[in-house]
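The values are calculated or read from the model by the stated rules, or taken from the named source; none is laboratory data. This is a predicted model, so every value here is computed, not measured. Because the Cβ atoms are built from the backbone with ideal geometry, glycine has one as well, and the counts that use them run over all protein chains shown. Note: accessible area is taken over every heavy atom of the protein model, side chains too, but ligands, DNA and RNA are not part of it. Shrake-Rupley method; radii C 1.70, N 1.55, O 1.52, S 1.80 Å.
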Amino acid sequence: MKILLLGSGGREYTIAWKMAQSDLLTKLYIAPGNGGTESFGENVAIKGDDFNAIKSFVLDKNIEMVVVGPEAPLVAGIVDFFKSDNELKNVPVIGPDKIGATLEGSKDFAKEFMARHEIPTAAYKTFTASTVEDGKSFLETLNPPYVLKADGLAGGKGVLVLNQLDEAKQELESMLLEDKFGKASSSVVIEEFLDGIELSVFVVTDGKDYLILPEAKDYKRIGEGDTGLNTGGMGAVSPVPFSKGDFLRKVEDRIVKPTINGFQKDGYDYIGFVFIGLMNVDGDPYVIEYNVRMGDPETEVVIPRIESDLVEMFKATATQNLANYTLNINPETALTVMMVSGGYPGSYPTGKEISGIENITDGIAIHAGTRKDNESVLTSGGRVLATTAFGSSIVEAQKKAYQMVDQVSFSGSYFRRDIGNDLL
Ligand code: AMP
Ligand code: GLY
């Protein structure tokens, strides 16, 4: 099978790494890919939002399936584009249609979906510029901390958690009246604060059936001990010790089943991944957010734990055959540490030479923000390289992942030394 994978980060490197192990794969193209993905296929210089260029490429190379890594092409409607084109309509795209992708593209839409299908989530109200005063009054009825969310996509930065009422009112004004997050904050969701431990749950659905993939914990803040600015994610661990038994059953019954049924009831054309961001509040799960793709860096631990064939899983997803697909999971712990460019998540330099990747043998050195320049590998983004290791315990996986980090170097590199510590 000839497959085109869209994206360029650590998530896409990991999906490419895994698909390359399948006998079903005959040729992989990655658009645009990164400095490591050519180990598994051919990088092509096409952007995920250039649907016409994607069309020409798919037809020219007889691509048989498109796997979408990031959310942007999905939110922009790549699935609808394929479905409505006579030449493309039989080429499956792994991902939801535009309306399904709105679950990630609009927080208000996602909250309404949860309310309609009785899925547990924080209480909320949505406000716009014309109702900013109502929003301030609503804040007065809540207890701190106050949670303010830009409705639209804001690159993971659109959520503010604030302790002071005055500050919350000010930020609400700045989001609604001063475009703090541009168009993304022309609507703002204010919601109840959930006090608990976060968890990322991943599901794949073929539109009819679903499979729950390994869960993971992400470390979003730049600083050790969960301090400082939010990032895309500084590391991840899978499995998460508390996600089992009774808790996992509640997740499946109260959240996963009504979510998948909700897609069907609402008429979404949803095949592909569902990423459910959850809060465990005293043993009860609540949805914080939906994403319509895999997480990054969660993918760097979730996908390596899958022992069964990933291309076969995508094929079963595209042909509504997931019920007959057997998912085998490695019970060991996978842990990944993200090495980032100094300055990230603020501004940072790029073009720094990375050395030592070739010394890594025990684990997976996952390229994220890298590019090739002749024989050199250079940094090209904030999150540069993830080191994924396996162990029979979190401690063992940690030890190996940090040994890998020690083998790699580039000027100004930074990483968190406490990935997994909170789970010990
Ligand atoms: P989101 O972009 O929706 O994932 O939110 C970013 C982060 O804000 C989450 O990962 C949580 O840590 C935090 N957060 C979001 N909503 C809530 C909430 N209702 N209560 C507590 N923390 C929240
Ligand atoms: N790691 C969080 C995300 O992918 O959104």
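Structure values in brief
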item: The stretch 185-215: number of residues that are within 16 Å of ligand 2 (Cβ to nearest atom), open to solvent by 10 Å² or more (accessible area, probe 1.4 Å) and among the aliphatic types (A, V, I, L, M); result: 1
item: Residues of the stretch 20-75 that turn out to be in a helix (DSSP H, G or I), open to solvent by 60 Å² or more (accessible area, probe 1.4 Å) and not hydrophobic (A, V, I, L, M, F, W, C), as a count; result: 5
item: Unique residue being within 16 Å of the chain's Cα centre (by Cα) and either polar (S, T, N, Q) or more than 30 Å from Ser413 (Cβ to Cβ) (or both) when the list is Val301, Val292; result: Val292
item: Only one of Asp296, Asp309 that is within 16 Å of ligand 1 (Cβ to nearest atom) and either surrounded by 21 or more Cβ atoms within 10 Å (Cβ to Cβ) or farther than 22 Å from Gln407 by Cα (or both); result: Asp296
item: Cross-chain or 6+ apart pairs with Cβ under 7 Å, the stretch 276-292 first and under 16 Å from Glu252 (Cβ atoms), then open to solvent by 30 Å² or more (accessible area, probe 1.4 Å) and of a type in the set (Gly, Ala, Ser); result: Asn280/Gly196
item: Residue count, the stretch 216-256 (criterion: touching a residue at least 60 places away in the same chain (Cβ under 8 Å), away from ligand 2 (no atom under 12 Å from the Cβ) and within 18 Å of Glu289 (Cα to Cα)); result: 2
item: Of the criteria (1) farther than 17 Å from Ile288 by Cβ; (2) not in a helix (DSSP H, G or I), which one Glu133 fails; result: (2)
item: Selected residue (criterion: nearest to the chain's Cα centre (by Cα)) from residues of the stretch 361-390 that are assigned to a loop (DSSP other than H, G, I, E, B) and surrounded by 18 or more Cβ atoms within 10 Å (Cβ to Cβ); result: Ala368
item: Every residue from the stretch 206-254 that is out of contact with any strand residue (DSSP E or B) (no Cβ under 6 Å at 6 or more places or on another chain) and part of a helix (DSSP H, G or I); result: Gly245, Asp246, Phe247, Leu248, Arg249, Glu252, Asp253, Arg254
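Residues checked against (1) closer than 29 Å to Gly272 by Cα; (2) open to solvent by 40 Å² or more (accessible area, probe 1.4 Å):
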{"site": "Arg116", "(1), (2)": "yes, yes"}
{"site": "Phe127", "(1), (2)": "no, no"}
{"site": "Pro144", "(1), (2)": "no, yes"}
{"site": "Ala150", "(1), (2)": "yes, no"}
{"site": "Gly156", "(1), (2)": "yes, yes"}
{"site": "Ala168", "(1), (2)": "no, no"}
{"site": "Leu172", "(1), (2)": "no, no"}
{"site": "Met175", "(1), (2)": "no, no"}
{"site": "Lys180", "(1), (2)": "no, yes"}
